[in-house]
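Below you'll find the structure, written out as structure tokens, and then a few comments.
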Amino acid sequence: MNLYKKIMTLYPTLTKDDFADEVITLQDDSNGKGAYIKTWNHPTFKKPTDEELS
Amino acid sequence: MADIVLTGDTSGAITVAAPAVAGTNTITLPAETGTIVTSTSAATNTPAFAVTIGSNQTLSETTATKAEFDTIIFDTDNAFNTSTYEFTVPTGAAGKYQINGLVRVDSEVGANLSSAIFYLYKNGSIKKRMYQYYTSNYIRAIAISMSTILDLEVGDYLSLYAYINSVDDTGGKLNSGSYTDFSGHRLIT
């Protein structure tokens, strides 16, 4: 499951606009380390922990 | 007077010659210290580079992903790294650069692409973005290009990122070969 789907599983009421408008930004630097949360500015939901995303 | 010969202090000479044609022309030298550049001088638009993506690259859903430009077309100063997919301004080459980018973001299914973003990153941060957004009448794929001029210092590095938002939440691909371009050169200023 990719990072986007993991986050949506935790917070099903998030919308795609939250990810497109830089409320939440995911990034993959193509360095073999995979995607990560670059910024999290959601006013209601807290940033998931690594444990929650594992 | 046909020619003027300037003899060097220790050796050599430079001859200033007029063409053997009719008419009178005037060359005015600038009232400043400097070097006159000729057609064979080293004033070139380098460093210059052009690279492409060798094979289709997976894009995860709603994730800005560094485009893997791994195929060199030319790279005058060995300034493009095909492992990090970055152009880095080499020593002695600061200046204004024309930078170009082209990608094709493909959702791989008809009427499945909701939005796509093409980013130019400088030193790991967004410098420019092209954002294509559809509220309806979704498409399958879109080619996005950008062109800009940046003032760069030695050690500055550039990379391109792409983002996909697909209706079916499965992400997509960056197409390869002629669908892609990352190129640039320093401007003579």
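Mind computing the radius of gyration and Dmax over the alpha-carbon atoms of chain A? Å is fine for both.
10.8, 31
Treating only the Cβ of Lys, Arg, Asp and Glu as charged (+1, +1, -1, -1), what charge dipole size does chain A show about its Cα centre? Round to the nearest 20 debye. Spell out each step's value before the answer.
On the way: 7 positive and 9 negative charges, 22 e Å.
In debye, rounded to 20, chain A gives about 100.
Across the residues of A:27-33, average count of Cβ atoms on other protein chains within 10 Å?
Numbers: counts 9, 8, 9, 12, 4, 0, 0.
Taking all residues of A:27-33 together, the mean is 6.
Using a simple charge model, +1 on the beta-carbon of Lys and Arg, -1 on the beta-carbon of Asp and Glu, nothing else, what dipole does chain B show about its Cα centre, in debye to the nearest 20? Please list the in-between numbers first.
Working: 10 positive and 17 negative charges, 84 e Å.
Once rounded to the nearest 20, the dipole reads 400 debye.
In Å², rounded to the nearest 100, what is the total accessible surface buried by chains A and B against each other with a 1.4 Å probe? Let's see the in-between values first.
Numbers: alone 4030 and 11150 Å², together 13730 Å².
Result for this pair: about 1400 Å² buried.
Given a 1.4 Å probe, how much area per residue of the protein assembly as shown is accessible, in Å²? Kindly include the intermediate steps, with their values, before the conclusion.
On the way: 13730 Å² over 243 residues.
Spelled out: the 1.4 Å probe surface of the protein assembly as shown, per residue, equals 57 Å².
Radius of gyration and Dmax for the protein assembly as shown's Cα atoms, expressed in Å?
25.6, 89
Expressed as a whole percentage, what fraction of the accessible surface of the protein assembly as shown belongs to carbon and sulfur atoms when a 1.4 Å probe is rolled over the protein heavy atoms? Let's see the in-between values first.
Values: 6960 of 13730 Å².
Here carbon and sulfur together make up 51 percent of the probe-accessible area.
In whole angstrom, note down how far apart the Cα centers of region B:80-136 and region A:7-33 are.
So the separation of the two Cα centres works out to 18 Å.
With viscosity set to 0.890 mPa s and temperature to 25 °C, compute the Stokes-Einstein D of chain B, Rh being the Kirkwood radius across alpha carbon pairs; µm²/s, no decimals. Walk me through the intermediate numbers first.
Working: Rh = 19.7 Å.
Rounded, D is 125 µm²/s.
Can you work out the PRE-style zone for A:Glu22? Point 7 Å along Cα to Cβ, and I want the residues of region B:152-189 with backbone N under 20 Å.
B:157-165
Hey, could you pull the Cα Rg and Dmax for region B:96-187, both in Å?
14.4, 45
Let me have the 222 nm mean residue ellipticity of the protein assembly as shown computed from DSSP H runs of 4+ only, each contributing -39500 (n - 2.57), with the sum over all residues rounded to the nearest 500. Walk me through the numbers on the way to the answer.
Details: 3 runs with 17 residues, N = 243.
Per the formula, -1500 deg cm²/dmol.
Can you compute the FRET efficiency between A:Glu52 and B:Thr84 using 1/(1 + (r/R0)^6), with r the Cβ-Cβ distance and R0 = 22 Å? Round to the nearest 0.05.
Values: r = 30 Å, r/R0 = 1.38.
Efficiency, rounded to the nearest 0.05: 0.15.
Put a dot 7 Å past each Cα toward the Cβ at B:Gln98 and B:Ile149; how far apart are the dots in nm?
With each label point 7 Å from Cα toward Cβ, the separation is 1.0 nm.
How well do other chains shield peptide A:19-26, expressed as the mean number of their Cβ atoms within 10 Å of each residue Cβ?
On the way: counts 7, 9, 1, 2, 0, 1, 5, 7.
Mean shielding by partner chains, rounded to a whole number: 4.
Pop a pseudo-label 7 angstrom from the Cα along the beta-carbon direction at both A:Phe45 and B:Tyr134 and give the gap in nm to one decimal.
A separation of 2.5 nm, rounded to one decimal place.
Tell me, what is the Rg over Rh of region B:1-77, with Rh the Kirkwood radius over Cα pairs?
Numbers: Rg = 25.5 Å, Rh = 19.0 Å.
Rg/Rh for region B:1-77 comes to 1.34.
If the only charges are +1 at each Lys and Arg Cβ and -1 at each Asp and Glu Cβ, what is the size of the charge dipole of the protein assembly as shown around the Cα centre, to the nearest 20 debye? Please report the intermediate quantities before stating the final value.
Working: 17 positive and 26 negative charges, 86 e Å.
Roughly 420 debye, rounded to the nearest 20.
The values are calculated or read from the model by the stated rules, or taken from the named source; none is laboratory data. Since this is a predicted model, take the numbers as computed values, not measurements. Quick reminder, even Gly has a Cβ in these numbers, built from the backbone with ideal geometry, and neighbours come from all protein chains shown. The protein model used for the area step is the full one, side chains on, heavy atoms only, and it has no ligands, DNA or RNA in it. Shrake-Rupley method; radii C 1.70, N 1.55, O 1.52, S 1.80 Å.
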